[in-house]
Each structure stands twice: as C-alpha cells, then as structure tokens.
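Below is one structure, written out as structure tokens, with a few remarks after it.
What follows draws every value from the coordinates through simple rules; no lab data is involved. Remember, it's a predicted structure, so these values are computed and weren't measured experimentally. Using ideal geometry, Cβ is built from the backbone for each residue, glycine included, and neighbour counts are taken over all protein chains shown.
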Amino acid sequence: MIRTRFAPSPTGYLHVGGARTALFNWLFARKYGGEFVLRIEDTDQVRSTAESAAGILTDLQWLGLDWDKGPVPGITKNEYFQSMRLDIYNQYLNQLLETGAAYEAYETPAQLAVMRAKAEKEKRPFRYRKNMAGRATAGTDPSVVRFEMPHKTVEFNDLILGSISVGGEEHDDIVIRKSDGFPTYHFAVVVDDHLMGITHVLRAQEHLMNTPKHLSLYQALGWTPPEHAHMPLVFNMDNTKMSKRDKSKAARHAAQMRLKQDASLTVDVLAAKAGITGSALQAFLHQKQDDPIITSALAGTLNLQLPEIDVQDFRRSGYLADALLNFIALIGWAPGENREILTREELRSLFSLDGIGKTNGRFDRKKLLWMNGEYIRRANTSTLTAAIANFNAVTDFPLKHASAAMTQNLIGMYRERIGTIAEMAENSRFFFGPPTYESKSVKKYLATAADAAHLRQVAAILGKVADPWTAESLSAPMERIIELGEKRGVVAQILRVAVSGGAVSPPLLETLVLLGKETSMQRIAELERMGLAGFEA
RNA sequence: GCCCUCAUCGUCUAGAGGCCUAGGACACGGGCUUUUCACGCCUGUAACUGGGGUUCGAAUCCCCAUGAGGGCACCA
C-alpha cells in the first residue's frame, strides 16, 4: 500500500509552500487508496512550539487535508511527535554506534565555526570526516554523534527529476544526534519513515541534496528506502523565495516610505501610534529580522495590506480553501487537456507524479485572485454561506453580525463582483452602519448647486414611492432617476454616493431595497442637512 | 568557491522527433453589454536562452555556453 507523509516542523505557521507539499502528498495517497500520515518534526527544542503545531493542524483541517495517522487535534502529543520518540531513535543510534557506522565527535560549535572559516579562507569546501586531520578524538562532553558517510558515489532515481548522482568526495559525516540528546532531522526522518512504512517521500527540491545522506543511513540500518520525488519550489513574482519574512519586509518598507514622505512623522511618533517602543521600532527598521508583533502593529497603524504567506493569511483575506488548493496544485503540476478549475475530486483523480514539472514556479497572486473569484461565482449559496462563516470566525468585519437573510442578500449582490470574501466584507460596510463618504466621489458628484438640486429631486421621487419598498415598486422611480440630468446615469451616481458613501456599489435598486426605505431616505436627508460643501476635503 | 538541478509568452503551463505558421489560462490592450463597479461575450499583443551537433526533419535527443534555483548547520 502507498503511504505518504507530511512532516512539518512546528516553528511557525503553515505557509503556502508547506501546504503545497502537504497537498501533493495527500493527493498521491488518496489517488491510490493509500494512507496519508502527518508527523510533527519537533526535534529542534529551541524553536519548536506547541502553538505552532496546533496552528498547523488547524490550517490543514481548514484546507481539508485530512490525515489517516498523526496527531489528534486538541489532545496532547502522541507518537507522531518526534519529541516523543527519543527511545526509538536512541535504539537505532546505538545500533549504528555498535556497528561502527556512527561515532562520537567532540568539537564544539565554536570550534567547527573556526574550521569552516579556515576552509573558506583556503578556498576549499569544509567537510567533516572521521579520517580528517586535526579531528578532536576526545574532549567535550556532551558530545555529538556523527554518521560516517560511505566514501562512494550515491546514485538514485528521483521520481520527478530522474537519475541523481553525487560523488563520494562530496559527502560529509553528518551529525545524527545533537548534544542535547535529540536526533537531527536526518536521522529522525529516516527512522520514522521506515518505521511508519512510508513508501513515497514527496518533498521540496531543497531536500534533494539530503537524499544521498538519508539513503546511506537506510543502507547502514539495513532497511529498504522509500521512493523519493523532489518537487520544484515556489517563489514570489520577483523571484525571491516566499518567506514569512516577506511580511516584515513589506511592513518595514512601508514604514520607511511613510517616514520619508511625512516630515512630521518621527520614529517615536510612529512607534507610539503602533503601541511599541521607539527603540524597538528603530531596531526593527534597521535590521532584516522577522518580527511578527511589530509587523502586525505597523500594518494596523499604517493600514497596510501585508502579502499573504501563511495559510491563515489567505483564510483571513477571504480565500476559499478549495480555490487556494486548486491554485497551489497548479504550480508545478498540470493535469493536461488545458484544465484549470478542478474540484478536489478531480484533482485527486487526475493527479500523477508524471504531471509534475521540474521547473520552479512563481506565486501569481493575480491569478489566485481570479481563481478565487471564479470559485465564489461558481459556488452554491450554502457553500458560500459556510465560507463566509468560516471567514467571520477569524476576522472582525461588520459582516460578522449579518443575519442569515442579510447574508443571503449580500451574497446575491456581491458574488459577481468580488475576488475574495474580504472584499465583500469591506465593501458592504455601509449596509451595517453610516457610510464613510469618500472625498473623491463627493467632489465629483456632490460638489455643485446643480448636484444638490438633483439630490433633492431624487429625494422627492423616492419619497413618493408607496409601500412596500421593493424592487418592483422602485423600478419605475429608478428609471426616472437614471434619466435625470444631462447625462444618463449621472444622477444615479449622486444617489449612489449619498447612500453608500462612494461611487462604486452593487446595483442601486438592490442596494436601496436591502437598505430599506427608512435608512435610504435618512441618508439622503442627512447629506442634504449637512450641506454638500461639508464633504469637500 | 564547491556540488546538485532546471531552462516554452510578463506569469502558470500544454507539448514526450513530423499534428507547431507552438495551444490554454492569468495579466495586459481594444470592443460589445451597462445606472457605478464588476460579471459575461468578442477580439488583439506576447514565448521555444544562445551556439554546435544527431536526423530527411528538432521546442522535443546529445554536447557546450549562458542564465536561474537549490544545497554546503548540533535548522528542518
């Protein structure tokens, strides 16, 4: 039976690259009726956190990538967390130590750094080898255990890339147990993949050079290795690697631009606005470090749209899980026959390793936006309602407070004109409270005495509409409003601005109906009362 | 620097020697529709990195160059 796995390290949120790896493994297992295993690789005691692990589970669940074996959400760590398997690793580690395939090494990290620097200075690659000159043979405790890589070429067949070969002189003796007693990634993957019966390792191409190491480990342990397939990577449109740091980068850049443009804005003022200390902001601006807290504080005060990187970013931006999955699947994989929009079922039945290309792809947000809009347009109302509820669960827009009936109405009005649910949430704000009048629209449509006269005419026409206030009863009056003014439709724009705050909204008729007579008339009256000039910014 | 991998429109890709005057989608341009914005429909611009081979014939096979990416941790 086919068995694949997704093995994230819980050192942060699940990002799209990881989601794609998970998706391909899931697809492959599901396609062939195999099993999909989820394993948390938390062997880095410093960086791993329980919250990250929990977050990754949540994100996978949101994506609908269910696992047959693995952690149980909400329950404490089980045997699918590597930190719970130390005894197992030690058992095999001792075996390697006994057979002489592994040995203890005593250099400290600092000493190794010196050795590396020296090698670099001498323009030769540094490779730690058991037989190299100057190796410490005794000393520090705790020590580290290294695996002696065989001094021979390792060749293997990658299911995507074909034949890969790495010469023996390229290998070095990797650490397999750290001084804290935890196994390194290299050792833990091999042991676990074997013990968990993984048949196919589908992972990102950045792991390609690890494979000879892992293969040698399998051999030393006397095990048959799984098949390997390395997938092409995903980059940003500017060819930089997609990374969680991109968000900090965007925030830093925006803050610097703002500080440059606005002379009255100092670092301290900005910091105070963002609720952080001046020195913290100063440091953030001058280093390249990732800092999620400062980043989101800046995004909030500067009203920034940060690039979505993590799965939860996309969820908060109002993307549908199916659309995101569909899009991600198409980077580096193609089903052929010019297929683009594919249901989960179609992805599953069409998926094959043969369809995976060798070249790295770029994450084209515009295409994702289009695809998400396409999903929104094609989805039935109940699917969309569920997606909106899902969106509301992680965001805080007025849309959250919409009744079921209101939500249905909004779906009808917006589905044709949005790319994400967030756009609907943002654009529909005026249905939930007084509109924010956009100065540009006010200047354009509500600036002159003639505009004011038109607005009064509109009020008069609408005021005469007999109850009930419906699409039917409003239809003829709306026609009259459209015909008002020199140019067909201009007065409709005046009404639109009056009622929605801006020059863009769903069709006026529907908007008025949903707003109701009272609210609609109130807004027009309020505008007249305040006087048009009051809006000129 | 050393090692590994890759190379078709701006982007994702189809293409497994003749079906290719290279197809689709996004983006972009033009038009239609239209009370705004969209949606929808029609339509246009746009690519085989370069050079050598192999072959009757090459986007497809081989070699070199160039370019791009990945790796070179007690991170995964």
Taking a cut-off of 16 Å between Cα atoms, list the lysines near A:K77, but don't count ones fewer than 8 places away on the same chain.
A:K69
Taking a quarter of the surface of the Cα convex hull of chain A, what do you get in nm²?
31.9 nm²
Hypothetical label at A:N380: residues of segment A:329-345 whose amide nitrogen lies under 20 Å (7 Å Cα-Cβ projection)
A:342-345
Could you list which residues have their amide H under 5 Å from that of A:A102, counting only those 5 or more apart in sequence or on another chain, with H placed in the peptide plane?
A:L97, A:E148
Alpha carbon centre of segment A:392-409 versus segment A:219-285: separation in Å?
32 Å
In degrees rounded to 10, the 0-90 angle between helix A:404-414 Cα long axis and the longest Cα principal axis of chain A is 90 degrees
Measure nothing but the geometry: give the 0 to 90° angle between the long axis through the Cα atoms of A:86-99 and the longest principal axis through the Cα atoms of chain A, rounded to 10°.
30 degrees
Cut-off 14 Å between beta-carbons: net charge of the residues surrounding A:S264, Lys and Arg +1, Asp and Glu -1
+1
Under 21 Å between C-alpha atoms is the cut-off here; go through segment A:386-537 and count lysine pairs that meet it, provided they're at least eight residues apart or on different chains.
4
So what is log10(I(q)/I(0)) for segment A:401-530 at q = 0.22 1/Å, when the Debye sum runs over its Cα atoms only?
-1.44
Can you give me the angle between helix A:449-463 and the longest principal axis of chain A, using Cα atoms only, in degrees from 0 to 90, rounded to the nearest 10?
90 degrees
Can you tell me what percent of all Cα-Cα pairs in segment A:348-409 are more than 15 Å apart?
68 percent
Set of segment A:298-334 residues, backbone N closer than 16 Å to the point 7 Å along the Cα-Cβ line of A:T436:
A:299-306
Extension reserve of the A:T137-A:N390 stretch, reckoned as 0.36 nm per residue once the Cα distance is removed:
85.2 nm
Total formal charge among the other residues, if their Cβ is under 13 angstrom from that of A:R529, Lys/Arg +1 and Asp/Glu -1:
0
Estimated D of segment A:102-189 in µm² per second, where Rh is the Kirkwood radius over Cα pairs and Stokes-Einstein applies at 10 °C, 1.306 mPa s
109 µm²/s
By a straight-distance test (C-alpha under 30 Å), which lysines pair with A:K123 as possible cross-link partners, with residues fewer than eight away in the same chain excluded?
A:K152, A:K178, A:K213, A:K241, A:K288
Regarding segment A:2-69, what are the three Cα extents along the principal axes, ordered largest first, in Å?
38, 21, 17
Kirkwood Rh, segment A:69-129, all Cα pairs: how many Å?
15.2 Å
Want the number for A:R488 to A:Q219: 0.36 nm per residue separation, take away the alpha-carbon distance, what's left?
88.9 nm
